[in-house]
Amino acid sequence: MQSFNSHTGLVVPFERENVDTDQIIPKQFLKRIERTGYGEFLFYDWRFQSNGKPNPSFVLNAQEYAGATVLVAGRNFGCGSSREHAVWALRDYGFRALIAPSFADIFTTNSAKNGLLLVTLSPAQIRDLMTRAQPGAFELTVNLESCTVSSADGFSAQFAIDPFTRTSLLLGLDEIGMTLQHEAEISEYEKSHC
């Protein structure tokens, strides 16, 4: 898992609420067993028209948001089924951090296990960020060390995060990686109890 300390990136305002995992990565693309290659199918039914051409009214297709790595969304992002592929698609597309008023529980767990930082801010702060990001070229710095979100034009906010998730992301270790840090102690215990 890639560690996360601080990231500065272009923001895309994703003004939708209750975005479920089937919208993030539609079911027809769940045939792979790898964790990569899903980015091209992210929000597929919204990004593309029925003829396969990009939907010009969808925000991720706007040139001013090309290369965005921070997504600011509405409440209850990631609701729906427990598919981990949704997080894989967001990461593979290039997103490092998502900011919203709330996230679905299973999506939150899947994000932490795959190195995607979720930041919860108040609805007022989210509206402020959406407004600032509307013309494009708006960047945010998300700092996990200090648990802050800030911009060059004066936006600043603190966020809370589960301590275990924070440590995992800072170290770039999933649960298996955290366990393997204690491999010597585990081996010693096994030797003494066999």
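The values are calculated or read from the model by the stated rules, or taken from the named source; none is laboratory data. These numbers come from a predicted model, not from an experiment. Heads up, the Cβs are rebuilt from the backbone with ideal geometry, glycines too, and the neighbour counts pull from every protein chain shown. Ligands, DNA and RNA are excluded from the accessible area calculation, which covers all protein heavy atoms including side chains. Shrake-Rupley method; radii C 1.70, N 1.55, O 1.52, S 1.80 Å.
Scoring Glu40 on the criteria (1) out of contact with any Ser or Thr (no Cβ under 8 Å at 6 or more places or on another chain); (2) under 19 Å from Lys113 (Cα atoms); (3) not in a loop (DSSP other than H, G, I, E, B) leaves a single failure, condition (2). Here Tyr38 passes the criteria (1) open to solvent by 30 Å² or more (accessible area, probe 1.4 Å); (2) out of contact with any strand residue (DSSP E or B) (no Cβ under 6 Å at 6 or more places or on another chain); (3) of a type outside the set (A, V, I, L, M, F, W, C); (4) at pLDDT 95 or above except the one numbered (1). The combined condition, being aromatic (Phe, Trp, Tyr), under 29 Å from Lys31 (Cβ atoms), open to solvent by 70 Å² or more (accessible area, probe 1.4 Å) and in contact with a Gly (Cβ under 7 Å, 6 or more places away or on another chain), is not fulfilled by Tyr65. Selection of the range 70-117 for residues being aliphatic (A, V, I, L, M) and surrounded by fewer than 19 Cβ atoms within 10 Å (Cβ to Cβ) yields only Ile106. Could you check, for the range 8-28, whether at least one of its residues is outside any helix (DSSP H, G or I), open to solvent by 10 Å² or more (accessible area, probe 1.4 Å), modelled with pLDDT under 95 and under 24 Å from Leu169 (Cβ atoms)? No, the range 8-28 contains no residue that is outside any helix (DSSP H, G or I), open to solvent by 10 Å² or more (accessible area, probe 1.4 Å), modelled with pLDDT under 95 and under 24 Å from Leu169 (Cβ atoms). For Tyr189, the conditions (1) farther than 21 Å from His7 by Cβ; (2) among the aromatic types (Phe, Trp, Tyr); (3) touching a residue at least 12 places away in the same chain (Cβ under 8 Å) are fulfilled apart from (3). Can you find a residue in the range 48-62 that is within 24 Å of Gln134 (Cα to Cα), in contact with a Gly (Cβ under 8 Å, 6 or more places away or on another chain) and not in a helix (DSSP H, G or I)? Within the range 48-62, one or more residues are within 24 Å of Gln134 (Cα to Cα), in contact with a Gly (Cβ under 8 Å, 6 or more places away or on another chain) and not in a helix (DSSP H, G or I). Return only the number of the condition from (1) in contact with an Asp or Glu (Cβ under 7 Å, 6 or more places away or on another chain); (2) over 21 Å from Asp45 (Cβ atoms) that Gly74 does not satisfy. For Gly74, the exception is condition (2).
One line per residue, one yes/no per condition, for (1) touching a Lys or Arg at 6+ places or on another chain (Cβ under 6 Å); (2) more than 21 Å from Leu10 (Cβ to Cβ); (3) at pLDDT 95 or above:
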| residue | (1), (2), (3) |
| --- | --- |
| Cys79 | no, yes, yes |
| Ser82 | no, yes, no |
| Ala100 | no, no, yes |
| Phe107 | no, yes, yes |
| Leu117 | no, no, yes |
| Leu121 | no, no, yes |
| Gln125 | no, no, yes |
| Met130 | no, no, yes |
| Gln134 | no, no, no |
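Within the range 41-62, the set of residues being touching a Phe, Trp or Tyr at 6+ places or on another chain (Cβ under 8 Å), open to solvent by 20 Å² or more (accessible area, probe 1.4 Å) and of a type outside the set (A, V, I, L, M) comprises Phe41, Tyr44, Trp46, Arg47, Pro54, Asn55.
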